[in-house]
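Peer 1: Take a look at the following structure, please.
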There are 2 protein chains.
Amino acid sequence: ERYGDAAADLLGMLAYGEFRAFEKLSADAAMAPGMSDRAAIAEMAVAEYGHFQRLCAALASHGRDPVGAMAPFEAAIDAFHQSTQPMDWLEGLIKAYVGDGIAMDFYRRIAAYVDPQTRDLVISVCDDLGHSDFVVGRVRQAIAADPKTAGRLALWGRRLVGEAFAQAQAVAVERDHLVRLVLAGGGGDQDELEDLFSQVTDAHVGRMRALGLEA
Amino acid sequence: ERYGDAAADLLGMLAYGEFRAFEKLSADAAMAPGMSDRAAIAEMAVAEYGHFQRLCAALASHGRDPVGAMAPFEAAIDAFHQSTQPMDWLEGLIKAYVGDGIAMDFYRRIAAYVDPQTRDLVISVCDDLGHSDFVVGRVRQAIAADPKTAGRLALWGRRLVGEAFAQAQAVAVERDHLVRLVLAGGGGDQDELEDLFSQVTDAHVGRMRALGLEA
């Protein structure tokens with residue numbers, strides 16, 4: 001398969017997502033309760049920046065301007081972050097884990113339909129996030145120490161998935177060829193999109209459970 | 001020479017300074033006028049985080065807890081950043097260049113008096129900053145486009161050096177063995193400290209000139 005517009009869209013969207021994740025996590029580091037947690041968050045941020053660089057390099061190697069490839073996705077990704085500003089350290093952690101998880105589920109599924117090289121890159125970036133152990137441990141500790149927080153954090157998880165889906169739909173409306181790619185990949189079946197959203201929802205429920213929270 | 005308390009102080013101070021520089025630069029990235037400048041600032045931030053990691057590893061390899069080694073310098077470095085919040089992108093750039101420059105001048109000079117391994121690490125970290133070309137180019141462009149900004153930015157440079165010296169003095173008062181190290185290195189000469197400050201001032205004037213600003 002040729003390196004097409006959909007592949008450039010996928011890499012551009014993922015690249016801008018990773019860049020914003022870098023910015024948000026770096027900012028969240030200041031909310032950490034102590035220096036080692038602060039450094040752990042910073043390390044996660046730096047890993048996201050590394051992905052951003054790899055994705056930009058891949059775009060450039062295909063003759064695409066990375067800045068141009070990212071531009072169509074800035075509004076949706078910025079809107080997601082704007083509407084999900086964490087109020088504290090725990091909300092920031094959950095956002096990193098749950099928000100990245102949802103984004104990666106979408107990216108992985110779309111990657112199934114692009115050229116193998118792009119697919120491998122996307123999957124390697126998605127697999128490399130590895131926030132899970134640190135975040136799950138910290139959130140479970142916090143809930144154990146103060147079980148009342150679980151209700152607030154469960155609500156926060158619901159807000160995150162709601163805003164993420166709203167922005168995913170906004171992107172789908174504007175980036176026609178991404179949607180056509182997914183539909184064509186699924187044999188032109190119109191249920192393919194619904195199936196995608198319900199798969200991502202299932203994975204989200206799994207992540208909330210891992211945190212010890214109701215989805 | 002043995003790896004001593006002064007070496008641990010130097011590495012701890014530098015490590016916390018680099019970590020805060022990482023946090024500040026990441027936050028400043030959002031003020032950048034476009035995506036490529038934003039990415040350039042983020043890259044500088046990530047380089048500072050890399051230094052932080054190397055410095056922590058060096059502390060740990062000497063059996064020192066990095067968090068403990070950084071702790072005595074948090075107040076002074078935090079106070080510096082608190083009192084020098086950039087109002088815009090240009091002020092952020094100048095702070096990165098001028099502020100880091102001043103800090104590195106102090107670190108390099110102190111490094112002359114510690115064990116060779118620590119000295120090499122500190123010098124390599126200080127040399128690797130390489131903000132210069134990017135920042136000098138951007139600031140000169142901005143002044144050429146709007147010469148009136150030069151006055152405000154020159155004032156900003158003076159504020160940066162003033163606050164940096166105030167915090168350096170606060171550290172000197174509290175960390176006796178750092179001062180004794182410098183004094184002993186200079187043959188016990190009391191002028192050694194004054195000489196240090198005047199050397200740093202000269203280098204600062206040179207950096208301001210490079211930016212096209214009056215010191």
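Peer 1: Which distances, in nm and shortest first, link the A:ALA60 label point to the same label point in every other copy, taking 7 Å along Cα→Cβ?
Peer 2: Counterpart label points of A:ALA60 in the remaining copies fall at 3.1 nm.
Peer 1: What do you get for the angle between helix A:5-29 and the principal long axis of chain A? Use alpha-carbon atoms, 0 to 90 degrees, nearest ten.
Peer 2: For A:5-29 against chain A, the angle is about 20 degrees.
Peer 1: Can you tell me the dipole magnitude for chain B around its Cα centre, using point charges on the Cβ only (Lys, Arg +1; Asp, Glu -1), in Debye to the nearest 20? Working shown, then result.
Peer 2: Numbers: 20 positive and 32 negative charges, 114 e Å.
Charge dipole, chain B, about its Cα centre: 540 debye, nearest 20.
Peer 1: For segment B:1-77, give the magnitude of the charge dipole about the Cα centre (Cβ charges: +1 Lys/Arg, -1 Asp/Glu; no others), in debye to the nearest 20.
Peer 2: I would put it at about 100 debye.
Peer 1: Now a separate question. Let's test the formula: R0 of 22 Å, r as the Cβ-Cβ distance of A:ALA144 and A:MET87. What FRET efficiency results, to the nearest 0.05? Before the final figure, lay out the partial values.
Peer 2: On the way: r = 20 Å, r/R0 = 0.93.
After rounding to 0.05, the efficiency reads 0.60.
Peer 1: How long is the gain from A:ASP191 to A:GLU43 if the chain were fully straight, where each residue apart is worth 0.36 nm and the alpha carbon distance is subtracted? Before the final figure, lay out each step's value.
Peer 2: Numbers: separation 148, 0.36 × 148 = 53.28 nm, distance 3.95 nm.
Additional length available on full extension: 49.3 nm.
Peer 1: Select the chain B residue whose beta carbon lies nearest to the rotation axis carrying chain B onto chain A, and write the distance in whole Å.
Peer 2: Nearest Cβ to that rotation axis, in whole Å: B:SER26, 2.
Peer 1: Taking K and R as +1 and D and E as -1, what net charge do the other residues with C-beta under 11 Å from the C-beta of A:ALA21 add up to?
Peer 2: That works out to -2.
Peer 1: Measuring from a point 7 Å out along Cα→Cβ, what nm distances, shortest first, does A:ASP202 have to its partners in the other copies?
Peer 2: Sorted ascending, the copy-to-copy spacings read 7.2 nm.
Peer 1: So for chain B, taking the charge dipole from beta-carbon charges (+1 Lys/Arg, -1 Asp/Glu), which of B:GLN190, B:THR118, B:ALA96 sits furthest toward the positive end?
Peer 2: The listed residue farthest towards the positive side: B:ALA96.
Peer 1: Given a 10 angstrom Cα cut-off, can you work out which residue in B:GLU18, B:GLU43, B:GLU174 is the most mobile in a GNM of chain B?
Peer 2: Ranking B:GLU18, B:GLU43, B:GLU174 by mean-square fluctuation puts B:GLU174 first.
Peer 1: Taking H as built 1.01 Å from N, whose amide H comes closer than 5 Å to the amide H of A:MET31, not counting residues under 5 places away?
Peer 2: Amide H neighbours of A:MET31: none.
Peer 1: Quick one: how many Å² of B:ARG54 are accessible to a 1.4 Å probe, rounded to 10?
Peer 2: 100 Å²
Peer 1: Please build a GNM for chain A, connecting alpha carbons under 10 Å apart, and tell me which residue among A:GLY101, A:GLY12, A:GLY162 fluctuates the most.
Peer 2: Of A:GLY101, A:GLY12, A:GLY162, the Gaussian network model singles out A:GLY162 as fluctuating most.
Peer 1: Using the Karplus curve 6.51 cos²θ - 1.76 cosθ + 1.60 with θ = phi - 60°, work out ³J(HN,Hα) for each residue of segment B:178-186 in order, rounded to whole Hz, and write x for Gly and Pro.
Peer 2: Calculated HN-Hα couplings, in order: 5, 5, 4, 4, 5, 4, 4, x, x Hz.
Peer 1: The protein assembly as shown: D in µm²/s via Stokes-Einstein (Kirkwood Rh, Cα pairs, 10 °C, 1.306 mPa s)? Mind dumping the intermediate values first?
Peer 2: Numbers: Rh = 23.6 Å.
Translational D for this selection: 67 µm²/s.
Peer 1: Which percent of Cα pairs goes in each bin when the distances of segment B:1-75 are cut into 10 angstrom slices starting at zero?
Peer 2: Reading the bins upward from 0: 21, 41, 23, 12, 2.
Peer 1: So, one more: Normalised by the number of residues in chain B, what is the relative contact order in percent for Cα pairs under 8 Å and 6+ residues apart?
Peer 2: Value for chain B: 26 percent.
Peer 1: Once the Cα atoms of helix B:100-111 and of chain B are each reduced to a long axis, what angle between those two axes, in degrees from 0 to 90 to the nearest 10, is obtained?
Peer 2: 20 degrees
Peer 1: Putting +1 on Lys and Arg Cβ atoms and -1 on Asp and Glu Cβ atoms, find which of B:GLY162, B:TYR107, B:ALA8 reaches farthest to the positive end of the dipole of chain B.
Peer 2: B:GLY162
Peer 1: Additional query: Give me the Kirkwood hydrodynamic radius of segment B:57-215 in Å, from all C-alpha pairs, to one decimal place? Display every interim value, and only then the final one.
Peer 2: Details: mean 1/r = 0.0590 Å⁻¹.
Across segment B:57-215, the inverse of the average 1/r is 16.9 Å.
Peer 1: One decimal, nm, shortest first: give the distances between the label point of B:ASP37 and those of the same position in the other copies, each label point 7 Å from Cα along Cα→Cβ.
Peer 2: Distances between equivalent label points, in nm: 3.5.
Peer 1: Could you list the square roots of 5 times each eigenvalue of the Cα gyration tensor of segment B:78-157, that is, the equivalent ellipsoid semi-axes, sorted largest first and rounded to whole Å?
Peer 2: 29, 14, 9
Peer 1: Would you mind getting the accessible area per residue of the protein assembly as shown, heavy atoms of the protein chains only, 1.4 Å probe, in Å²? Please list the in-between numbers first.
Peer 2: Numbers: 18250 Å² over 430 residues.
Result: 42 Å² per residue.
Peer 1: Tell me the mean residue ellipticity at 222 nm calculated for chain A from its helices only (DSSP H runs of n ≥ 4, each -39500 (n - 2.57), averaged over every residue, nearest 500). Walk me through the numbers on the way to the answer.
Peer 2: Details: 10 runs with 170 residues, N = 215.
After summing the helix terms and dividing by residue count, I get -26500 deg cm²/dmol.
The values are calculated or read from the model by the stated rules, or taken from the named source; none is laboratory data. Model, not experiment: these values are computed from the prediction. A quick note on method: Cβ atoms are made from the backbone with ideal geometry, for glycine too, and the neighbour counts reach across all protein chains shown. What goes into the accessible areas is simple: the full protein's heavy atoms, side chains included, and nothing from ligands, DNA or RNA. Shrake-Rupley method; radii C 1.70, N 1.55, O 1.52, S 1.80 Å.
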